[in-house]
1. Identify all residues within segment A:453-462 that are crowded, with 18+ Cβ neighbours inside 10 Å and either more than 17 Å from A:E519 (Cα to Cα) or acidic (D, E) (or both); write none if there are none.
2. Is there any pair linking a residue in segment B:6-23 that is over 12 Å from A:L538 (Cα atoms) and at the interface with another protein chain (Cβ under 7 Å from one of its Cβ atoms) to one that is among the small types (G, A, S) and not in a strand (DSSP E or B), with Cβ under 8 Å and at least six apart or on different chains, and which?
3. Can you tell me which of (1) modelled with pLDDT of 90 or more; (2) under 25 Å from A:F534 (Cα atoms) is the one A:E505 doesn't meet?
4. Any residue that is under 20 Å from A:I389 (Cβ atoms), away from chain A (no Cβ under 11 Å), in contact with an Asp or Glu (Cβ under 8 Å, 6 or more places away or on another chain) and in a loop (DSSP other than H, G, I, E, B) - is there at least one of those in segment B:89-108?
5. Looking only at segment A:537-549, decide whether some residue is among the charged types (D, E, K, R) and either modelled with pLDDT of 85 or more or closer than 16 Å to A:L480 by Cβ (or both).
6. Consider segment A:514-552. How many of its residues are surrounded by 19 or more Cβ atoms within 10 Å (Cβ to Cβ), more than 14 Å from chain B (Cβ to nearest Cβ) and not in a loop (DSSP other than H, G, I, E, B)?
7. What do you reckon, is A:V336 part of a helix (DSSP H, G or I), open to solvent by less than 70 Å² (accessible area, probe 1.4 Å) and modelled with pLDDT under 85?
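The values are calculated or read from the model by the stated rules, or taken from the named source; none is laboratory data. The structure presented is a predicted model; accordingly, all values stated were derived computationally and were not measured. As a convention, Cβ positions derive from the backbone with ideal geometry for all residues, glycine included, and neighbour counts pool all protein chains shown. SASA here: full protein model, heavy atoms, side chains in, ligands and nucleic acids out. Shrake-Rupley method; radii C 1.70, N 1.55, O 1.52, S 1.80 Å.
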Amino acid sequence: MVERLPVLCWMADADGYIFYYNKKWYEYTGATPAEMEGWGWQAIHVPAELPRVMEQWRRSLASGEPFEMTFPLLGADGVARLFLTRAVPHRNADGKVIRWFGTNTEITDLQAAEARARESANILQSVIDEVPALVFVKDMDGRLIKANAAVLAMIGRTWAQAREESDADWFSEAQARAIRETDRRVIELGETEEIEEQAGFDEIGPRVLLSRKSPFKDESGNVIGLIGTSIDITDRKRAEMLRAEGEAHLRRVLDQLFAFVGLMTLDGVLIEANQAPIKAAGLKPEDVLGKPFWDAYWWSYSPQIQRRIRDASDAARTGTVVRFDIPVRIVDGEMVTIDFQIAPLRNAEGRITHLVPSAVVIEERVRLEQARGLLIRELHHRVKNLFAIAIGMVNMSARIATNVPELAQGLIGRLNALATAHELIRPALVSDSGDPGATTLDKLVASILTPHLHSSDQLVCAGPFISIGPSAVTSLSLILHELATNASKYGALSTIEGAVQIVWESSKDGRLLVLTWRERNGPPVLVPVRKKGFGSQLMEISAKGQLGGDLRVDWNESGIGVTLTTLLDRLSR
Amino acid sequence: MGHHILVVEDEAIIAMDLFLAVEDCGGVGLGPAATVSEALALLSGAASCDGAILDVNLPDGDIGRVLDELEMRNAAVVVHTGFALPPEVRLRHPHVEVFQKPTLSRVLANALAKKLDEAAR
């Protein structure tokens, strides 16, 4: 039987004297039985190796322990090959060694294979260590069997530490659990899986890995773990998120913007638009998106405007920016004016790829322009009216004056009163408040009367706040002017001691204003011979006409008394 | 002549000037009225009214109704205004002559006298 063994065999007695070699032995060594018998085998040993072989063989012979050793043996061709030599003792019933059985198995090929394997493993390790991706092999329990430098760098462990630990030692509990779940799934289903995983943290947040895990199988095809590669995509992921966030942020900003910003295809189909203008028109995005821009609700009321939008789109397509103001319809059919523009959008090569319609509401600007226009017309009208009044004054003054100085004096006084009235109204007219322009009764009284006073205590005023409008102010100032002129010529204001008391109050029903003018401490009053002079007529007509009231004069000897009644609502006109 | 001429003008001094200008031309003044309602009241109370010098914007509205009334009476009319006739009033009275303020009272009175002369022929 032993002759058939592929190994070299031999048998020795208890002392180590070899009395048998098998056929393979002689074939390998090329020696004869006579040369080999006993201790003759030393002849085929490499001399340098022999002493340690002898030493160990003798030790086994002495102790009876099995012999195992690797050493070279010279073949018939003179080449030394490495053999693994084993010798086991055969004992009798008393346990005494009576014989040794030995085998020599050539391992030169085996060792070379191992060396080659070791070498290729080293190369492989070097390669995978150079790879920036994480490469790892895990066993069924999820422990690392193999890991490249990138893995160790990420978990901050040496290989010696890493093989003793597990995911739970390197990652958060949740991360480790998620990783373990994937690992189990790959192992159980035996299928490759690609998945994004979170593993570890940096100063900004968790790192994201794109991992590919495949089952690791032995030669028989049994799954014994998994092989994985992971790429760190944290930065890419963050860049994506930032971009998405940036886009979302921009969109939110645009959506809040009442201004309109859109994007059209070259065919004029609106493909993007911010929210606010769509909402302002009471629309939903789908009402305008995906449709020709000129068909949108905003201008669907006007074929002309639709035509203009269409023409503008055509022009923009050829590279021209078109801009104009148009009224657009918003919610409830309300109209607002917008400053509208369509501009071409070019790509990096300069080719026009889209059109960008945009608009801002300029209602406020339009309103201000209209208000300004109104104001200008109003001023123009007032100037014409003032000239008409001035001409009337000249005519009237000329009719009553007996000489030129008298004419001049009368005219100057009245024109001054007119100028004062205008001056009081002017601030309101030129203010931006849009107020039609108004002053108050107390201001008007003080302005007209002051030039006629010797001292401020000659005038006593009392009355509530009454607003005087631009129409009423001329009549009222002319009435007050006539009264003041008369007082300074013939009445209380012609002396230093005289005084004028002006009191006003509104009637109980709130329709009328009653103003009383009372002069005191003036010279005795003479009832005029010529009744109803020009001044009186003017006052009466003013009071009755424009002010819708009445003027009554009491010629008391102690001082003239005048009661002016006017409609309150006329005063504010 | 003795034509009865209505003067409607809310600015007292202009009203007085016009009134006297009418009298200077030999007319008999009606008014002056400062409001639409005053003018209508004067017209309904007057035995005759042959012509009128009218302001347009008055405290209680525009002159439209007064113009309507005067047209029914075949009165000659000149309008004296800083603006113009309101469009709807203009539509009803396409031939009314409008003088821009300021126009001299004498010019207005003469223009009206001329119209009355033409109507009399």
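1. none
2. Final answer for the pair search is B:L20/B:S105.
3. Of (1) modelled with pLDDT of 90 or more; (2) under 25 Å from A:F534 (Cα atoms), only one is false for A:E505: (2).
4. Within segment B:89-108, not a single residue is under 20 Å from A:I389 (Cβ atoms), away from chain A (no Cβ under 11 Å), in contact with an Asp or Glu (Cβ under 8 Å, 6 or more places away or on another chain) and in a loop (DSSP other than H, G, I, E, B).
5. yes
6. Total meeting the criteria: 4.
7. no
Residue by residue, here is whether (1) out of contact with any helix residue (DSSP H, G or I) (no Cβ under 6 Å at 6 or more places or on another chain); (2) at pLDDT 90 or above; (3) away from chain B (no Cβ under 14 Å) holds:
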residue: A:H380; (1), (2), (3): yes, no, no
residue: A:L407; (1), (2), (3): no, no, yes
residue: A:P427; (1), (2), (3): yes, no, yes
residue: A:G437; (1), (2), (3): no, no, yes
residue: A:P451; (1), (2), (3): yes, no, yes
residue: A:L459; (1), (2), (3): no, yes, yes
residue: A:A462; (1), (2), (3): yes, yes, yes
residue: A:S467; (1), (2), (3): yes, no, yes
